[in-house]
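Please read the structure below before turning to the comments.
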Amino acid sequence: MNRYAAWKYVLILILVIAGALYALPNIYGNEPALQVTSSRGGEAGELTELAIGAALDVAGITPRSLEVQENGLLVRFANEEDQLRGQNAIKDELGQDYVVALNLAPATPDWLRSLGAEPMFLGLDLRGGVHFLMEVNMPAAIEKAENRYVSDFRTLLRENRVRYRTITRLDEGGVLVRYRDAEEQAAGDRLIEDTYFDLNLEQRDGNETVTRLSEDALQETREQALQQNITTLRKRVNELGVAEPVIQRQGANRIVVQLPGVQDTARAKDILGATATLEFRMVDDENSIEDALDGRPPIGSKLYKTRDGQPILLKKQVMLTGEYIIDAASGFDQISGGPDVSITLDGRGARIFSRATADEVGKRMGVVFIETKTQTIVRPDGSREKLTESIEEVINAATIQEQLGKRFHITGLDSTEEARNLALLLRAGALAAPLEIIEERTVGPSLGRDNIEQGFNSVMVGFALVLIFMAVYYKVFGVIADVALALNLVFIIALLSLLQATLTLPGIAGIVLTVGMAVDANVLIFQRIREEIQNGNSPQASIHAGYEKAFSTIADANITTLIAALVLFSFGTGPIKGFAVTLSLGIICSMFTAIMVTRALVNLVYGGRRLQKLSI
């Protein structure tokens, strides 16, 4: 009586070994590192590795290791001072073609990593993560708004048959409209004033009118740019899959982004700060490219370059911009087999694009990829200068085979990684204005190491008290429950590591609560065994009855607690979810250890033997 089949012991042994293996990486900690990836989605290969090694040698820095990974290169250092010095040396060597981001890399041994064992993520209040302080380029936001008015004015005047010569944006700010005569100027100004109420008009000699945003409109543009950037950053962070991020406004033009436990910091930095968007323009095949190369571009056209450096002439009129894109997915072109991005437009964008391409079937259309990067250069005298670089290149120029509408796709991308990144950026929406990362660091525990130590101590103290109580009160059975409780902790940590969940201080509270609750099932079972013995049953029958009759009560108690934890996870945010995750995992693990593991140990100790009494 009270014997387990051999397969049950084997199953438990396999689970215990697996739990121990996947919990083991958490004892090794982290070490400072740099993650180097190509800013264009390409590969950072052997040449990059050699360049990094040479740069570190010149700087007198010896890295612990330099690893080639799927998403770039990872350089590990002995301390944070070498890490920061190494970042500057590598940046100077590689230039703008690569992203060099700070990171905290797990110090897990290779043999464990080969098994897929990784440490669990810890929140900013425990382990830290990546902290970005980002500044919105407000002048660029205003410039973008004025450029929008240039396009709107052209459409408005053309639809109302008001003749004008040119409409351009002034470098010092404002939109300049040159009319054919005074009569057209009066009609055009009246039309603009009646349509747009937030503009100030200033008439000049020569039938010219300068339109500028009012102070209220400028303030509203800045506010909208900040809020839209915050919304876009949230979408991009969600696409990255970062757990419990913090994205909040700081002052009039800054945004704080905290990514707890993030691993691929280079990609996070690249995705968060990128201002990628698309413009669709018709190719000008009627005029000479040579004239444009000689500095005489035809009126209404602009010279661009393709990805391979070839010049191409596109018309200035923009058929469609990326703001109408509601979905984008990366894939492969069925004809060429190369990477592509499938685009889905909203209703308005589909109508605009359908009208724009209706008369252009058989002609070539260019897709212009626009990316803006802002960086601060520190001069030798200590002064700082902001440099904004806008990269515009034609990634695709193909013949329109039919009138385009809601769905279409673009090709001409360098790699599948670039296609994925572009799809992510278009899906999350374009930034209203470029962002500059003015402060970046990997942060240690925001509440200090005291949080980690006190959290660890609280778990250990609670664990020790429960162990002592169970061993004293239930003797041998109490020791068996203690073994199950220890395995319960191992399983919780292993599952958190496997799921790559983010553990925060409230999550530790969930573990402490689980430690106290985990022995509830054993208490119910052991008390039931005691009652059976007091009722005159034999020890073996009492053990069997104790486990059988207590099961329904244990299941009811744990299922109701699990329901509460799931509700907390569904409706809670941030730390509440962290608490709910550890509590849920603790309940599931305690059910397994308290019922199946303890029963296996009891069967090993007492099963199949004639017993006169039990040590309970």
In the set I335, I299, I312, the lone residue that is assigned to a strand (DSSP E or B) and of a type in the set (V, I, T) is I312
Here the qualifying pairs (Cβ atoms under 6 Å; residues six or more apart or on different chains; first in region 477-495 and closer than 25 Å to Y606 by Cβ; second assigned to a helix (DSSP H, G or I) and of a type in the set (F, W, Y)) come out as F477/F526
Note on I452: of the conditions (1) among the aliphatic types (A, V, I, L, M); (2) within 21 Å of A20 (Cβ to Cβ); (3) in contact with a Lys or Arg (Cβ under 9 Å, 6 or more places away or on another chain), unmet is (2)
Counting only residues that are modelled with pLDDT of 70 or more and either under 18 Å from V75 (Cα atoms) or crowded, with 22+ Cβ neighbours inside 10 Å (or both), region 265-280 contains a total of 5
Residue hits (region 68-84; buried (at least 16 other Cβ atoms within 10 Å of the Cβ) and modelled with pLDDT of 80 or more) are L73, L74, V75, R76, F77, D82, Q83
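The rows are residues; the columns are (1) touching a Phe, Trp or Tyr at 6+ places or on another chain (Cβ under 9 Å); (2) among the small types (G, A, S); (3) farther than 18 Å from Y4 by Cα.
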site	(1), (2), (3)
T514	no, no, yes
I529	yes, no, yes
N537	no, no, yes
A541	no, yes, no
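Hey, can you tell me all the residues within region 451-467 that are more than 17 Å from N488 (Cβ to Cβ) and either of a type outside the set (D, E) or not assigned by TED's automatic domain parsing to the domain that holds A518 (or both)?
Once the filter is applied, which keeps residues that are more than 17 Å from N488 (Cβ to Cβ) and either of a type outside the set (D, E) or not assigned by TED's automatic domain parsing to the domain that holds A518 (or both), region 451-467 yields N451, I452, Q454, G455, N457.
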The residue from P32, P25 that alone is at pLDDT 80 or above and assigned to a helix (DSSP H, G or I) is P25
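Mind checking which strands (runs of 3 or more DSSP E) fall wholly inside region 50-127 and carry at least 1 residues that are closer than 29 Å to T504 by Cα and either in contact with a helix residue (DSSP H, G or I) (Cβ under 7 Å, 6 or more places away or on another chain) or among the acidic types (D, E) (or both)?
Result: 72-76, 98-106.
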Of those in region 558-575 that are in contact (Cβ under 8 Å) with a residue 24 or more places away in the chain and out of contact with any Pro (no Cβ under 7 Å at 6 or more places or on another chain), the residue farthest from V490 (Cα to Cα) is G574
Pairing a residue in region 66-93 that is in contact (Cβ under 8 Å) with a residue 60 or more places away in the chain with any residue that is among the hydrophobic types (A, V, I, L, M, F, W, C) and outside any loop (DSSP other than H, G, I, E, B), where Cβ atoms lie under 8 Å and the two sit 6 or more apart in sequence or on different chains, gives N71/A266; G72/V36; G72/A266
In region 179-200, residues that are outside any loop (DSSP other than H, G, I, E, B) and either among the small types (G, A, S) or surrounded by fewer than 16 Cβ atoms within 10 Å (Cβ to Cβ) (or both) total 10
**Request:** State whether one or more residues within region 292-299 are under 21 Å from L413 (Cβ atoms), modelled with pLDDT of 75 or more and not acidic (D, E).
**Result:** no
Counting only residues in region 401-417 that are in a loop (DSSP other than H, G, I, E, B) and touching a strand residue (DSSP E or B) at 6+ places or on another chain (Cβ under 7 Å), the one modelled with the lowest pLDDT is identified as G412
All-but-one check, I543 against (1) modelled with pLDDT of 85 or more; (2) under 23 Å from G19 (Cβ atoms), failing number (2)
Checklist line | Residue check for L115: modelled with pLDDT under 85 and either under 28 Å from the mean Cα position of the chain (by Cα) or exposed (fewer than 15 other Cβ atoms within 10 Å of the Cβ) (or both) | finding: no
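Being farther than 30 Å from E453 by Cα and at pLDDT below 85 narrows it down to one residue among L126, L94; which is it?
Going through L126, L94 in turn, just one is farther than 30 Å from E453 by Cα and at pLDDT below 85: L94.
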Picking from F469, F491, F477, the residue that is over 40 Å from the mean Cα position of the chain (by Cα) and buried (at least 24 other Cβ atoms within 10 Å of the Cβ) would be F477
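The values are calculated or read from the model by the stated rules, or taken from the named source; none is laboratory data. Note that the structure is a prediction, hence the values are computed from the model and not measured. Counting neighbours? That spans all protein chains shown, and the Cβs are built from the backbone with ideal geometry, glycine included.
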